[in-house]
Amino acid sequence: MKSKVFAGIALLGAMTLAATACSSGAGGGGGGDDTITVGFAQTGSESGWRSANTESMKAAFSEDEGFELIFNAADNDPAAQISAVRDFISRGVEAIVVAPIVEDGWDDVLQEASDAGIPVILEDRTVTASDDLYAAWVGLDFTKEGVMAGEWAAETFGDTPTKMVVLEGTTGSAPANDRAEGFAQATEGTGIETIDSQTGDFTRDGGKTVMEGFLQKYGVDGIDLLYAHNDDMALGAIEAIEAAGGVPGEDIQIVSIDAVKDGMQALIDGKINYIVECNPLLGDLAAGLVRDVLAGEDVEKTHFVEDQTFTQEQAAEVIDSRAY
Ligand code: AHR
């Protein structure tokens, strides 16, 4: 069963966003009688979205909220992230939260956590391991995000022959897999043809470098549409298009996902044409799940946060009021 948790709830939590220090030295058992010791294995710091997600998690798992947080960012290295989870297990933390870099490869370490009696809560991305091996997941519907991006492209280009290039997220990650699938579903039967698709690893530099390669191969005139799996890669691509003498948003239309501040500004400036949101403010929901699971309550396995879409006009209306 799926429970739908609306973005507004997450946004309420975001109002309390504040930079918080996190503990990195303590072992298991907690910092005080009622303090809950939690290990959080973050993907890394690849994007603006990730920074906002980390900030949300640190605020929600702060000492003021009754937690001692052991934070690890794995620099987008799946093996390092699994090692971090093993380290949390050996420290005897009370709960583990993971934003899995990739979907595969989690069975063994999740089984080890389960054997040690430590509940695991997933946030943001999903895994292919059995859901018996974790207590709950909270995040976004990445397939739906891809569908929403694809619906805009289908409405904009219809039957018109359209040459598209794609900047994929991290290979093997749930958002890269699902956003590709959702977009393909929504654009089936249109005139949109994918002429090239490569990973930019969700980073601005990656997006720029891969787009430079596309532009060398096809030229500005040979590309009509760019689908970027996140704003950071779209922003890197914009630099590459401008350096090649093109006008992003006009010569090459761009649709991307996240709706972080810089992406929204590029939308307002007409350099991106449409953005699908991916809400990073998951901290309060993840912390609530940790508390409930440790209290022995029955929790739903999956918790979806709702996303929105933005045109240029809609972005201009909301940009000043957004928390990220
Ligand atoms: O998993 C969410 C994705 O990860 C965001 O869309 C991207 O910006 C981040 O790196």
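So here's what we get for this one:
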item: Per DSSP, loop GluC sites (Glu not before Pro) in region 158-244 with at most 14 further Cβ within 10 Å; result: GLU188
item: Residue among SER90, SER256, SER173 with the largest mean-square fluctuation in a Gaussian network model of the chain, springs linking Cα atoms under 10 Å; result: SER90
item: Contact order relative to length of the chain, as percent, for alpha carbon pairs under 8 angstrom and 6 or more apart; result: 20 percent
item: Kirkwood estimate for the chain, i.e. one over the average of 1/r between Cα atoms, Å; result: 20.1 Å
item: Residue order, fewest to most surrounding Cβ atoms within 10 angstrom, among ILE268, ILE82; result: ILE268, ILE82
item: Neighbourhood charge, 12 Å Cβ-Cβ cut-off, centred on GLY263 and excluding it, Lys, Arg +1 and Asp, Glu -1; result: -2
item: Cα-Cα P(r), region 186-232, percent of pairs per 10 Å interval; result: 24, 52, 23, 1
item: Paramagnetic reach from THR128 (point 7 Å along Cα→Cβ, amide N under 19 Å) across region 189-204; result: 199
item: ASP251 paired with ASP205, simple spin-label distance in nm, labels 7 Å along Cα-to-beta-carbon; result: 2.6 nm
item: Degrees, to the nearest 10: 204-218 long Cα axis against longest axis of the chain; result: 30 degrees
item: Within the chain: Cβ-based charge dipole about Cα centre, in debye rounded to nearest 20 (Lys, Arg +1; Asp, Glu -1); result: 260 debye
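Every number in this text was worked out from the coordinates using simple rules, so none of it is lab data. Everything quoted here is computed from the prediction, not taken from an experiment. Here the Cβ is made from the backbone with ideal geometry for all residues, glycine too, and neighbour counts use every protein chain on show.
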